[in-house]
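All remarks here apply to the structure that follows.
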Amino acid sequence: NRRKKKDDNTLEIPSIPNPFPELCCSPFASVLSASLLPKATSRKKQVIKVYSEDDTSRGLEVPSDITARDVCQLLILKNHYIDDHSWTLFEQLTHTGLGRAIEDHELVMEIQSNWLMEEENKLYFRKNYAKYEFFKNPLSFFPDHMISFPSETNAAVNHSGILQMFLSSSTYPEIHGYLHAKEQGKKSWKKLYFLLRRSGLYFSTKGTSKEPRHLQFFCEFSNSDMYMSLTGKKISGAPTNYGFCFKPNKSGGTRDLKQLCADDEQSRTCWMTAIRLLKYGMQLYQNYMQPYQGRSGCSPLNITPMRSISENSLVAMDFSGHRSRIIENPTEALSVAVEEGLAWRRRGCLRLNSHGSPIAMSNMGMSIHRSQSWFHHKISREEAQRLILQHGLVDGVFLVRDSQSNPKTFVLSLSHGLKIKHFQIVPLEDDGKLFYTLDDGHTRFTDLIQLVEFYQLNKGVLPCKLKHYCARIAL
C-alpha cells in the first residue's frame, strides 16, 4: 500500500518540458543526434595488407570508404617515395593467374569483399606508367585498322577527336577485329570476329558480317571487371600469351570467366583500353586530370603532363670552368662522362684504407651497379618481360639484368612500340682497363651506371631513350 501511495504521489507531480531534448538519454534514441556528430566518427576502419615486388608487405588500418588512389598516397607518404602520378594499386588473383590495375576511384573494401577466403588474393603497390598513357599518345593505342566511326561522322577524325568521342555520351567509335574466345565448359578456343559497341561486346556468327542478325552478344561490363592473364598459356591453354578476361563481381569461380585472347600486344592493348573508356568514361579523365587541377593552362585533352623524375634530374653538365654549362653535343657528353667516372674512381682509391688493394678496387668498380634500383640480379628473360609488362608498355621502360646465356655479360631490357626488346651489354678490355658497350665498342663506358645515364640522355643505338626503370621496392 505504501508503494502504491508513493506511485500515486509521483503521478500527481506535473511534467516539466525538457528544453534540451537532443541531450536526453532514452532506450529509443542515442545520446547525440547523428547529424551533430562528425562524419569521420561513423566511418569504420579495417586492416588491409599491401605487397610490393619483393613480396614484402605492410598492414594499413584504413576507413571502409578509402579509394585506391588514397591507399597509394598513404604508402607514398609512409615510405617517403616521390609521387610522379604513376603509383598504382594492383589486384592479383593468385588462384587463376589474373591481375588488373585498380582504377584510382575504386573502393578497396568493395574489391576485397568479392574475394573468397581460400583464394589468397593479394593487393600490390607498384608503378604503372601506362595507366593514362592513351590520353597523351592515343596514336599507339588505337590503330586505324581496328577502329571505325559512325556513319554520321563525315570528316576524318584525328586521334584527339577519337578520345573525345570515347568520352561522349552520344557517339562511340567501333572497335573490331579477331579474337580467340574460350568456349564455355570446354578447353577449346575459337577464333571469332568481335565488335565493341556502347551496348557491349559482340561477335559475328558469319565471318566479318556486322548485320544485326549475325551479331551475338558476348558480355557487358557494368557488373564485371576486366583482368589480364599473367600466366600466358599455362593455366587456360590459350593459343597466345596475350590473354584477358571478364570476371563477374560476384563470381563463384573460373566457370563464370569469359576468356579472350589476342594475336599480339597492340591488339590486346587496344581492346582493353577501349573497354576501360567505355566502362568508366569521364571518370577516367577526371582521375587523369586530378594531379593537374591546380595548374594553370590545363585545358581538356590538351595538357602537357609533367616529365618523369629521371628526365628532370639528368642533364649533362660541365663544371670544369668558373661557370657551369649544359652540354648539348652527345659526343662531348660521353667524353665528359668517361672522364668523370675515371676521376670518381681515383677519388675512391684515395679514400681506401691501408687494407685496400687493386683487386678490391676492381671488384668495387664491377659491382657498383648492383646497388642501383634499375639492376635486377639473375632474373630470367621471362621474368624481365613480366616486370616491364606490369610497369606498363610505355616507350622507355627498362631494366638491366645479368645474362643467363653468357655469365660475363649483361642485358638491357627495354619497352618500345608495345614490344619488349633485349640488348646485350658486352664487357670490353682495352689497355688493361675494363669498359662496357652496347655497340661493339664504338661507345664505351667505365661502368653500367655511366651507360644507363648516357642512354637516359641520348638514345644512341637504342630505339628510344631510357625513361622509366622497373624497381623492386620494399614496403
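The values are calculated or read from the model by the stated rules, or taken from the named source; none is laboratory data. Everything numeric in this text was worked out from a predicted model, so none of it was measured. Cβ coordinates were reconstructed from backbone atoms using ideal geometry, including for glycine residues, and neighbour counts include every protein chain displayed. Ligands, DNA and RNA are stripped out before the accessible areas are found, and what is left, the full protein with its side chains, is counted by its heavy atoms. Shrake-Rupley method; radii C 1.70, N 1.55, O 1.52, S 1.80 Å.
Structure summary
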item	result
Test result for Q92, surrounded by 17 or more Cβ atoms within 10 Å (Cβ to Cβ) and within 23 Å of Y129 (Cα to Cα)	yes
Residue ID - surrounded by the most Cβ atoms within 10 Å (Cβ to Cβ), chosen from residues in segment 201-210 that are free of Cβ contacts under 8 Å to residues at least 60 places away in the same chain and of a type outside the set (G, A, S)	Y202
Any hit, segment 113-128, residues being under 30 Å from Y51 (Cβ atoms), touching a Gly at 6+ places or on another chain (Cβ under 7 Å) and modelled with pLDDT of 90 or more	yes
First in segment 222-245 and farther than 25 Å from R197 by Cα, second anywhere and of a type in the set (S, T, Y) and modelled with pLDDT under 90, Cβ under 7 Å, 6 or more apart	I235/T96
Pairs where the first residue, in segment 90-114, is more than 22 Å from D256 (Cα to Cα) and the second is assigned to a strand (DSSP E or B) and open to solvent by less than 10 Å² (accessible area, probe 1.4 Å), C-beta under 7 Å, 6+ apart	V108/I48
Tally, over segment 76-89, of residues that are within 16 Å of I48 (Cα to Cα) and surrounded by 18 or more Cβ atoms within 10 Å (Cβ to Cβ)	2
Filtered residues of segment 186-200 (kept if touching a residue at least 12 places away in the same chain (Cβ under 8 Å) and either open to solvent by 90 Å² or more (accessible area, probe 1.4 Å) or within 20 Å of T171 (Cα to Cα) (or both))	K187, K191, F194, L195, L196, R197, R198, S199, G200
Filtered residue count, segment 431-450, keeping only those that are under 21 Å from Q385 (Cα atoms) and in contact with a His (Cβ under 9 Å, 6 or more places away or on another chain)	1
Subset of segment 211-221 [under 21 Å from D256 (Cβ atoms) and without any contact (Cβ under 8 Å) to a residue 24 or more places away in the chain]	Q216, F217, E220
Those helices (runs of 4 or more DSSP H) lying entirely in segment 211-329 with at least 2 residues at pLDDT 95 or above and open to solvent by less than 50 Å² (accessible area, probe 1.4 Å)	265-280
Residue that is modelled with the highest pLDDT, among those in segment 359-415 that are farther than 30 Å from T273 by Cα and of a type in the set (G, A, S)	S403
